Amino acid sequence: MMRTTCLLISTLLTFTAIADANELVIGGPCQGCENVFVNMPKKIKSDSRISPTEEQGEPLKITGNVFTQEGKPAPNIIVYAYQTDATGKYPKSDTFHGKLRGWAKTDLSGAYSFNSIRPVAYPNGREPQHIHFHVIEPNRGTYYIDDITFSDDPLLSADKKSKTLCRGGCGLSEPKKNKAGVWLVTRDIILGENIPGYH
């Protein structure tokens, strides 16, 4: 009975969150898609943060550009991301995605960026390091895209690389560390690429 009640509440919250945001989830089901709207700031900058400045871990800078399928820059697109901390866990928060989460809105040239820490693999050691990514297209919908993964991650096997779907473009990055000790990665996004039901 309790499980049924929790499921009903979760479903209601999902539809409420999506309805409040006036966006639909497209491209197939995903874990906690509705959380992209929970506590979303009213004003979102193109240069944003996923982790707080005081978060323990190796600093990471993500940069990227969002393009239409015709290759044109896409301004005012919201990019949402969430990840694990330096222990490989999602720190508890009021959402399923944990507290290491953030939003960035592309500028007129379609550019966005996040500051964060490099995520650590889950404690079970089965999944490679990754950062979950979603796109919110105003007045169109929201969908998940390929996670950012890291080419130097020993857990990222050739088999796992070959199974990538390249949703919204491929998420495999080539991390490089600058002189300040900050990991630098790029994640460009192509709107709707390989997203089922995208029109």
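Spin-label point model (7 Å from Cα, Cβ direction): what's the Glu58 to Lys43 distance in nm?
Here the answer is 3.5 nm between the modelled labels.
Take peptides 76-84, 124-132, 158-166, 58-66 and line them up by average Cβ neighbours within 10 Å, highest first, as a rough protection proxy. Spell out each step's value before the answer.
Details: 76-84: 22.9, 124-132: 16.3, 158-166: 10.6, 58-66: 19.6.
Ranked from most to least packed, the peptides come out as 76-84, 58-66, 124-132, 158-166.
Could you tell me which of rounded, prolate or oblate describes segment 36-108, using a ≥ b ≥ c as the square roots of the eigenvalues of the alpha-carbon gyration tensor, with rounded for a/c under 1.5 and, failing that, prolate when a/b is larger than b/c and oblate otherwise?
Here segment 36-108 falls in the prolate category.
Using helices alone, what [θ] at 222 nm do you get for the chain, with -39,500 (n - 2.57) per DSSP H run of 4 or more residues, divided over all residues and rounded to the nearest 500?
After summing the helix terms and dividing by residue count, I get -4000 deg cm²/dmol.
Order these peptides, 175-181, 107-113, 33-39, by their mean beta-carbon neighbour count within 10 angstrom, highest first.
The densest-packed peptide leads the list: 33-39, 107-113, 175-181.
From Cα pairs below 8 angstrom and at least 6 apart in sequence, can you work out the relative contact order of the chain, rounded to a whole percent?
Once normalised by length, the contact order is 24 percent.
Peptides 133-144, 86-97: what's the order by average Cβ count within 10 Å, highest mean first?
Peptide ranking by packing, descending: 133-144, 86-97.
Could you give the distance between the Cα centres of segment 136-186 and segment 31-59, to the whole Å?
Distance between centres, Cα-based: 17 Å.
Residues in segment 49-77 near a label at Glu174, defined as backbone nitrogen under 18 Å from the 7 Å Cα→Cβ point?
From segment 49-77, the list is 61-65.
Read-outs throughout are calculated quantities, based only on the coordinates presented, and are distinct from any laboratory measurement. The structure displayed is predicted, hence computed values, not measured ones. Heads up, the Cβs are rebuilt from the backbone with ideal geometry, glycines too, and the neighbour counts pull from every protein chain shown.
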